[in-house]
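Asks: Quick one: this structure, given as structure tokens, is what I'll be asking you about.
The values are calculated or read from the model by the stated rules, or taken from the named source; none is laboratory data. Note that the coordinates shown come from a computational prediction; the quantities given were computed from them, not determined experimentally. Cβ placement follows ideal geometry from the backbone for every residue including glycine, while neighbour counts extend to all protein chains displayed. Surface areas here come from the heavy atoms of the whole protein model, side chains and all, with no ligands, DNA or RNA. Shrake-Rupley method; radii C 1.70, N 1.55, O 1.52, S 1.80 Å.
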Amino acid sequence: SSCMPALPSAGPRLGAMANRLPRNDNFFKQGRGGPSDSEAKVKRAFQRCAENGVLNLSEQNLSGDLPPSVCGFQEAAWSENWWEQCPVTKLDISHNALERIPPEIGRLVECASIVAMSNKLTHLPDEVFTGLPLKQLNVKQNSLAALPGGVALAKAESLVELVLSENHLSELPPELVQLPSLEVLEVAGNRLARLPECPWGCQKLRRLDVSDNRIGPTLPRALQWCKVLRELNASGNCLRDVGDMFCADGGRGWGASLVSLDLSKNELGPVLRVAGLEALDTLNVGSNRLVQLTLQGNRGFPRLSTMIARDNGLAEFPVALLSEGSPMLNTLDLSNNNLSAIPSELGFCAPLKRLVIIGNPLRSIRPELLRGSVEALKKFLRSRCEGVEQQEASQAAEDNLAVELRTAGATHELILEGRGLEALPQLPDELHKLRVSNNALSADALLGSLGLLEPEGSFLSPSLSSLSAAQNRLAEGRGADDLLPCLLRGLPEMSELNLSGNRLPSPGHPALWSRILEQSRSGDAPPCGRLMRVDLSANALSELPVALMRASAALNELNLAKNRIVHLDGLASVAGTGLCTLNLEGNQIASVPEWLPSALPRLRTLLLSNNDLGMLPPELGFWESVQAVSLVGNPLRGIRQALLAKGWPAIASHLRDRLPEGASGVAPVPDLSRAPQVAERSAGGACGYEQSQGQAAPPRPPRADSFGGDRGHVPAQQPRTPASAAPSRPASGRSAVSGPPSSAGTSRALSVGRGGPGPQVAEARMAALQAGICELEAELGGPGLSRARQSTVTHSLRMKRAELGKAERELRRLAEVSAAADPGR
């Protein structure tokens, strides 16, 4: 306690704790490194070895001879139950200062691994090889001058890995290269002047590292007896000529096994010949005296990915390194040579990601290109082929396309995106995925390549399940108006379809959709029942693709963003669909019908950002399936921006609070068969609904593109009717945010209330209101409408719809009075 300094200002509380806590002497002994501490660590290591068989004595400051207790571990009892004690199977004495391993090491009769790196060992006893079933021996970074030879080393028949790097060895005994089980031999960083010239019997040798020695002037021919050798590192030696030692017969010996070859930092030259090494992945011949590098082979070097030949005197570029001879080349370093030209064909080597050719007398390439990115250099090389070698460059591109087509025949997936294609090549059979986005394909080019141009043509790819043809010219050419139904009719296995960014004007002719539905009901043709995801964004659609939704029972996700859709009345004809995600962002939708939750009972995500919504019906607050709704960028007056930022749960709660007391939170879907005007407007290309025979409303003027620029001419359509076709409710149950009154109820009231002066006045008033609403809707849908004027028109439209609702209720009351006065009517 006298060694501990006093705490002058610790306070009475800390002083009391110091008096209660006893001093831990073992803690203060840990940093002293005394004999007792070392013995305790060794004892714990012995106890752990008794449990798992691994004796770890690394970094224990051991010096001199290996402690006798290690060799006598088997005779001592380190476990409570001697029959549960494990024998030593691995001994780790690395990072110590041991100078000698005694012969008693042979008493560890079950030890298969010894790691003794970073010591001061000067020799190894014969018992290491004769008395142990050794499989691994690592004596790296020691002071070994020689190895046991003769019978002792020959008995190490089970040795698999031998690491002798960074020692003082001047030769290897011939018995070492005769070990039958040896797979790894590392003798780097020694003083070897040559390798054994005798036949190498280690037929399983896979890795040989003889780098940083004094071996020269050549390598022994007997090394070729190791026919499964995968890695050979002979860098940093005195090699001058290896002859044709690395010219193998393709598919045999080293030709099929050698993966990595490192001959750098030698004196090789002036010619080096490498041939037939078809499995070669990495070749390093840097820092030599080469003037010519000859790479040959019947099949080239199909797996070569890294080639380093820097710091030589090469005068010619090896032709075998181009894409035909080395199709997988990723890294090429030819810096600091004597190259005066680089072949332009190197620019067509697509896998090449790292190219270093600085330090060469290249006059035709600017220095900034040599120091810049590889892609810029490859682009420059390709540009030189556009003149005299234009035909060769075109042929290379065709060959690459042919390779891709053959690959697609095996993988069933073809990607031809961003190539400016105006026509597709002949597609392989049984294609499952086709991606041709960002090209210049017209509708007839796409349909013709798929065999769908003729109505009764044979389908070339009936198994196609995914098609992406975004950002093309599919609105041009023959078949553009009926592109969508033609694709779905001819590709029954389609599950994903992307036609975004093509300016398609309509989802298809109703007659063709009618034929598809009739054939699917009769069983003559399979329906498009596998279609799950459709992307029709950034087109020129002015109506919902209701027929597509009716024909695709499994449709899960529909993207209609950045179109010209102005209303959602068509969803009433597909009520009950299983749609989960609906994207309507960037359209011109002015209102959301109150019956939408009943029409889409499984919808989870509804995106309505950047539209013309001025209000939301309170019935949306009772939509149980919806989890996310986007409303940013709409002129909503009843909902503040702070509430929008809180997300849909807060908005839904706000809408529920606005529903009048006693009113129902669920609005039924309108019956389109009883509202012909709505049916005419919401057909949207759907089959099975006849247009109304009444007087047609004035056509709507064309709209400007919602995402910049005119999308071209859009066919005129009927202006939006003032009502949503939902059955009207009593006046007490209708809120101002719930939308316009029912048109179907209006038609029924008109049929009942005609005959007296009261109903005639109400009918005239309703006709005037309807005409005013149509004018406001036409103005709201016209081009060039400012935000201020849009807000004013939206407010006026809301007020007129409220007046129309009052007129409808008055007309209904007059009809009931008239019916009570004349029961037989």
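Asks: Considering the convex hull of the alpha carbon atoms of region 573-629, report its projected area averaged over all viewing directions, in nm², one decimal. Numbers along the way, then the final one.
Replies: Numbers: hull surface 14.6 nm².
If you wrap the Cα atoms of region 573-629 in a convex hull and average its projections, you get 3.7 nm².
Asks: May I ask you to derive the FRET efficiency for Glu803 and Asn52 from their Cβ-Cβ distance with R0 = 60 Å, giving the value to the nearest 0.05?
Replies: 0.10
Asks: Oh, and also: At q = 0.15 Å⁻¹, what log₁₀ I(q)/I(0) does a Debye calculation on the Cα points of region 271-416 give, no solvent, two decimals?
Replies: Log10 I(q)/I(0), no solvent term: -0.81.
Asks: 7 Å from Cα along Cα→Cβ at both Ala440 and Ala410: what's the point-to-point distance in nm?
Replies: Label-label distance for Ala440 and Ala410, simple model: 3.4 nm.
Asks: From the alpha carbon gyration tensor of region 467-593, can you work out the equivalent ellipsoid semi-axes (sqrt of 5 times each eigenvalue) and give them in Å, largest to smallest?
Replies: Ellipsoid semi-axes (Å, largest first): 21, 18, 13.
Asks: Å³ per residue of the Cα convex hull, for region 180-225? It would help to have the intermediate numbers written out before the result.
Replies: Working: hull volume 3.2 nm³, N = 46.
Once divided by residue count, the hull of region 180-225 is 69 Å³.
Asks: Could you calculate the contour length gain from Gln296 to Asn400, that is, 0.36 nm times the residue separation minus the distance between their Cα atoms, to one decimal place in nm?
Replies: 35.2 nm
Asks: When the solvent-accessible surface of protein heavy atoms is calculated with a 1.4 angstrom probe, in what order do Trp83, Trp648 fall, highest first?
Replies: Trp83, Trp648
Asks: Distance between Cα centroids, region 111-180 to region 236-314: provide it in whole Å.
Replies: 31 Å
Asks: Could you work out how much longer the chain between Arg813 and Leu369 gets when fully extended? Use 0.36 nm per residue separation minus the Cα distance between them, nm to one decimal.
Replies: My answer for the length gained is 151.3 nm.
Asks: What accessible area, in Å² to the nearest ten, does a 1.4 Å probe give for Ile589?
Replies: 0 Å²
Asks: Using only alpha-carbon positions, what ratio does the radius of gyration of region 409-497 give when scaled by 2.2 N^0.38 Å?
Replies: 0.97
Asks: Continuing with this model, one more query. Sorted from largest down, give the three principal axis spans of the alpha carbons of region 47-205, whole angstrom values.
Replies: Taking max minus min along each principal axis of the Cα atoms, region 47-205 gives 54, 30, 21 Å.
Asks: R0 = 35 Å: FRET efficiency of Arg789 with Arg604, Cβ-based, nearest 0.05?
Replies: After rounding, the FRET efficiency stands at 0.45.
Asks: For a 21 Å ceiling on Cα separation, which of these pairs sit above it: Lys353/Lys378; Lys41/Lys90; Lys120/Lys204; Lys265/Lys353?
Replies: Lys120/Lys204; Lys265/Lys353
Asks: Using only the Cα atoms, what convex hull volume per residue in Å³ does region 57-129 have?
Replies: 84 Å³
Asks: Sorted by accessible area (1.4 Å probe), largest first, how do Trp595, Trp78 line up? Numbers along the way, then the final one.
Replies: On the way: Trp595 0, Trp78 80 Å².
In descending accessible area the options line up as Trp78, Trp595.
Asks: What trypsin sites (Lys or Arg not before Pro) in region 270-316 are in a loop by DSSP, with at most 13 other Cβ atoms within 10 Å of the Cβ?
Replies: Taking region 270-316 and a limit of 13 other Cβ atoms within 10 Å, the loop trypsin sites (Lys or Arg not before Pro) found are Arg299.
Asks: Which net charge results for the neighbourhood of Ser598, defined as the other residues with beta-carbon distances under 13 angstrom from its beta-carbon, given Lys and Arg at +1 and Asp and Glu at -1? Don't jump to the answer; show the numbers that get you there.
Replies: On the way: positive: Arg602; negative: Glu594, Glu619, Glu624, Asp671.
Net local charge, Ser598 excluded: -3.
Asks: Determine the gain in length on full extension of the stretch Cys198-Arg240; use 0.36 nm per residue of separation and subtract their C-alpha separation, reporting nm with one decimal.
Replies: 13.0 nm
Asks: In whole Hz, what ³J(HN,Hα) sequence does region 207-214 give by Karplus (6.51, -1.76, 1.60; θ = phi - 60°), x for Gly and Pro?
Replies: Values, residue by residue: 9, 10, 10, 10, 5, 6, 10, 10 Hz.
Asks: Binning at 5 angstrom from zero up to the longest distance, how are the C-alpha pair distances of region 206-314 distributed in percent?
Replies: The percentages, shortest bin first, are 3, 13, 25, 27, 22, 9, 1, 0.
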